[in-house]
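**Student:** The following block contains the structure, expressed as structure tokens.
The values are calculated or read from the model by the stated rules, or taken from the named source; none is laboratory data. Please read all numbers here as calculations on a predicted model, not as lab measurements. Cβ placement follows ideal geometry from the backbone for every residue including glycine, while neighbour counts extend to all protein chains displayed.
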Amino acid sequence: MKTIDDMVSGKKADLDRLRPLARKSLAALSSWYDVELTYGSNAIEGNTLTRSETAVILEKGITVNGKPLKDHLEAVGHKDALDYVRILAGQKEPVRENDVRQIHGLILGRIEPAEGGRYSDHQRQITGSSLVLPSPAEIPPLMGDFGKWLAQAPANAETAISAHERLVAIHPFSDGNGRTSRLLMNLVLLKGSYPPVIIGPEHRTGYIESLEALQVGRDPAPYRDFMAERLSDSLDHHLTTLRRGLDQAH
């Protein structure tokens, strides 16, 4: 079976040939991803902010009239966590279990600070799924094993999508599991010099169905195909933006 890295190797090689990347192009991409990742990940979970409203909150630091304060705080909390992910991505140390808890703590820090980074003490259930999640007693040892695997795994696309899959399956937190799993996946991708993957509300059905096929039906193909497509699209956007910058420079 081809790895995710194999599936996008051509585009990744094209991106590597453009390095070192222009500072202004990187800054523009980072700002774009701030909004797209925050808007998309929160919208999947029911946040009502639009893309443009998310941009106003992140870029101007102001609230949006008529929208719940919780939605505003979720946007800011996700950006806090994304900033932390970028710091971790620039470090040589491997990703560890405590990093996952720190990411989750930032995601929930402005909404439910007492729950941030804290493993659930009650049984969780995924709405609309027949999947049976681990019990609260099983979470600490499962996360310990997951952390050991994560610290030793190479920083590549295959590890990134596996990390997302494994963390979603454990579902260790009372809330914020999806957002944490997606940011963890993107942390590993950034460490491997890949662009982050955007999963927005328009992808929600395919995303959920691919996870259901993987976790309940034991069929990994839909999930792998879905993630490969999303990563391929991110590489396309990265390459288009960087090449446009090079054309303008010349």
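**Student:** So Gly61 passes all but one of these: (1) modelled with pLDDT under 95; (2) surrounded by 20 or more Cβ atoms within 10 Å (Cβ to Cβ). Which condition number does it fail?
**Tutor:** Failed condition: (2).
**Student:** Considering only residues of region 170-208 that are farther than 22 Å from Ile111 by Cα and of a type in the set (Phe, Trp, Tyr), which is surrounded by the fewest Cβ atoms within 10 Å (Cβ to Cβ)?
**Tutor:** Tyr207
**Student:** State yes or no: is Pro154 crowded, with 18+ Cβ neighbours inside 10 Å and either among the hydroxyl-bearing types (Ser, Thr, Tyr) or not in a helix (DSSP H, G or I) (or both)?
**Tutor:** The answer is no for Pro154.
**Student:** Follow-up question, since we're still on this one. Only residues that are surrounded by 11 or more Cβ atoms within 10 Å (Cβ to Cβ) and either touching a residue at least 24 places away in the same chain (Cβ under 8 Å) or more than 25 Å from Ala228 (Cβ to Cβ) (or both): list them for region 10-29, please.
**Tutor:** Lys11, Lys12, Asp14, Leu15, Leu18, Leu21, Ala22, Lys24, Ser25, Ala28, Leu29
Here's the yes/no breakdown for (1) at pLDDT below 95; (2) buried (at least 22 other Cβ atoms within 10 Å of the Cβ); (3) on the phi > 0 side of the Ramachandran plot; (4) of a type in the set (Lys, Arg):
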site	(1), (2), (3), (4)
Glu74	no, yes, no, no
His78	no, yes, no, no
Arg86	no, no, no, yes
Arg96	no, no, no, yes
Val100	no, yes, no, no
His104	no, yes, no, no
Pro113	yes, no, no, no
Gly117	no, no, yes, no
Gln125	yes, no, no, no
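**Student:** What do you reckon, is Ala228 in a loop (DSSP other than H, G, I, E, B), of a type in the set (A, V, I, L, M, F, W, C) and either touching a Gly at 6+ places or on another chain (Cβ under 9 Å) or at pLDDT 95 or above (or both)?
**Tutor:** no
**Student:** Name the residue, out of Pro140, Pro172, that is in a loop (DSSP other than H, G, I, E, B) and at pLDDT 95 or above.
**Tutor:** Only one candidate qualifies: Pro172.
**Student:** Can you tell me which residue among Ala221, Ala228 is within 16 Å of Asp6 (Cα to Cα) and surrounded by fewer than 16 Cβ atoms within 10 Å (Cβ to Cβ)?
**Tutor:** Just one listed residue meets the conditions, Ala221.
**Student:** Output the qualifying pairs, or none if there are none: Cβ atoms under 9 angstrom, residues six or more apart or on different chains, first residue in region 94-109 and under 12 Å from Met143 (Cβ atoms), second residue outside any helix (DSSP H, G or I) and among the hydrophobic types (A, V, I, L, M, F, W, C).
**Tutor:** What qualifies is Arg101/Phe173; His104/Phe173.
**Student:** Consider only pairs whose beta carbons are under 6 Å apart and that are at least six residues apart or on different chains; among these, list those whose first residue lies in region 185-208 and is more than 21 Å from Lys12 (Cβ to Cβ) and whose second residue is at pLDDT 95 or above and aromatic (Phe, Trp, Tyr).
**Tutor:** Going by the 6 Å Cβ cut-off, the qualifying pairs are Gly206/Phe226.
**Student:** Which of the residues spanning region 209-218 are crowded, with 16+ Cβ neighbours inside 10 Å and of a type in the set (A, V, I, L, M)?
**Tutor:** Of everything in region 209-218, those that are crowded, with 16+ Cβ neighbours inside 10 Å and of a type in the set (A, V, I, L, M) turn out to be Leu211, Ala213, Leu214.
**Student:** Filter region 175-205 down to residues that are part of a helix (DSSP H, G or I) and β-branched (Val, Ile, Thr) and give me whichever is nearest to Gln123 (Cα to Cα).
**Tutor:** Here the answer is Thr180.
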